[in-house]
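Here is the structure we will look at, set down as structure tokens.
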Amino acid sequence: MIRQSWWKILCVVLLVYTFIAGFLGAVPAKPILNETIRNLYFHVAMWFSMMILFIISLVYSIKYLRTNNHVFDIYALEYAKGGIVFGTLGLLTGSIWARWTWGAFWSSDPKQLGAVIALLIYFAYLVLRNSMTDMDKRARIGAVYNIFAFAMLFPTIWIIPRMVESLHPGGMGNPALDTHDIDSRMRAVFWPGAVPGWTLLAVWITTLRIRLSLLAESERGGSRTAR
Amino acid sequence: MAPNFTSIGSFRHILTLFRKDLLLEVRQQYTFYGVLLYVASTIFVLYLSMGEPEGTVWKGLFWMMQLFICVNAVAKSFLQEGKGRLLYFYTIAGPRDFILSKLMFNALLMLLMSLVSMGLFVLMLGDPMPNPFAFVLISCLGGVSLSLVFTFLAAIAARAQQSAALMAILGFPLVIPQLLLLSKISNIAFEEVIQGGLAGMILLLSGLDVMIIALALILFPFLWKD
């Protein structure tokens, strides 16, 4: 499945569609938002990709603990790294959006803070892994922390920001992706184009890195020492 | 692998391990007085530098103090056990019994430390709360919640053979949601007006605690293996 090319072609097609329809397509005229509403195709879709990648990483960590197959550990690590990259991109696109709608790149909004906490947790995952040299131990303890951290992440980014006042859509009776905010023209770009397009790109990047890791692994002839 | 932890034998294991930690503490009196001195001197420095602060600052300082007390008090629980002694526990008890006894002991320790530090805070930094009794309960809940997270992280850090520094790196991002919730809940002690959504937040915090215990029970057997 990884080596097949159809989904990579699909990824490029979807992203080209997202860019063309996203920049040229019609959008509802909203006060304050104006044309920045087009950022939905980038900012929100990147968060979707991040979350999907972290979930895949979690699944591989669980698989590693069940089977002790070292390959699954490499998968979990690389998907977590891919998630971090897309989370950072989501944060950057979000703060550019915030500059033109809320007035500042950073306003310590609960959603922004939640996003930073999520990234910090995954940075801690990388630090933890690097603190150990034994490969089996690193894989096992890393997997345990990955599962624990993911479970603690839920309240951070899905529940708490919804309970407090926020400028960001998605809380206090103002759900994001609501019928009031976007119309069917935008939905036709967002759901079939942007979300799968960015997610496929993230998976593509990650699978390339996984192949590189596996190659480096086999070059070393399955040596049990530290990378 | 692990024996069924509802059985009588396993319950006795937990109790014995718990009593061993307690006895060790009572005889050595190291953690309690060590942390007590740590708390007292830190609060004294705070008092020297800011006198009696207003409510929001008081509350912020209190939860920050709790965080550092917790790292210091809980870090010892796994780091003190040498490799040989851990191996001994592994042979006589199951992993779930072991982690449960540690969770219980650290929860008790933090409960005590929360009350002590709350007393010292009121003594030195003044009492800005109109409703101090509510805050006693909240600080107990907070102390126990923090101790649960850090006990599990101490187990991870100990397996990685690292100092308490790694525990702080792993733990600080993870406890931010809890601290945020605690700080919002503790508003009831500082304001006359009862705010809405309070029951939901307390429920969420307790739910988080239950989830942490469940995760610890599920995941600790994997840390345990060598």
request  = Beta carbons within 10 angstrom, averaged per residue: use that to sort the peptides B:100-106, A:114-120, B:16-22, highest first.
outcome  = B:100-106, A:114-120, B:16-22
ask   = Of A:SER49, A:PHE123, A:HIS70, whose Cα points farthest to the positive end of the dipole of segment A:23-123 (charges on the beta-carbon: +1 Lys, Arg; -1 Asp, Glu; origin at the Cα centre)?
value = A:SER49
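What 222 nm value per residue comes from the helices of chain A, counting each DSSP H run with n ≥ 4 as -39,500 (n - 2.57) and dividing by all residues, nearest 500 deg cm²/dmol? Mind dumping the intermediate values first?
Details: 8 runs with 152 residues, N = 227.
Value at 222 nm, helices only, nearest 500: -23000 deg cm²/dmol.
Hey, fewest Cβ within 10 Å first, where do A:ARG211, A:ARG129 land in order?
Values: A:ARG211 14, A:ARG129 19.
Least crowded to most crowded, the residues run A:ARG211, A:ARG129.
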request  = Give me A:GLU219, B:GLU25, A:GLU78, B:GLU52 ranked fewest to most by other Cβ atoms within 10 Å of their Cβ, as a rough exposure proxy.
outcome  = A:GLU219, B:GLU52, B:GLU25, A:GLU78
query = Setting aside same-chain residues fewer than 8 positions from B:LYS225, which lysines have a Cα under 27 Å from its Cα?
reply = A:LYS63, A:LYS81, A:LYS137, B:LYS20, B:LYS76, B:LYS83, B:LYS102
query = Normalized C-alpha radius of gyration of chain A, against 2.2 N^0.38 Å?
reply = 1.12
Using a Förster distance of 41 Å, the FRET efficiency for B:GLN161-A:VAL16 (Cβ separation, nearest 0.05) = 0.25
message = As an exercise, use a Förster radius of 25 Å and the Cβ-Cβ distance of A:PHE105 and B:VAL57 to find the FRET efficiency, rounded to the nearest 0.05.
response = 0.35
Those trypsin sites (Lys or Arg not before Pro) in segment A:50-95 that DSSP places in a loop and that have at most 12 other beta carbons within 10 Å = none
Computed over the protein assembly as shown, Kirkwood Rh from alpha-carbon pairs, angstrom = 24.3
query = Of A:MET135, A:MET50, B:MET129, A:MET152, how do they rank once you tally other Cβ atoms within 10 Å and put the fewest first?
reply = A:MET135, B:MET129, A:MET152, A:MET50
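Only the coordinates and a few stated rules stand behind these numbers; no lab work does. Since the model is a prediction, treat every value here as computed from it, not as a measurement. Positions of Cβ are generated from backbone atoms using ideal geometry, with glycine treated the same way; all protein chains shown enter the neighbour counts.
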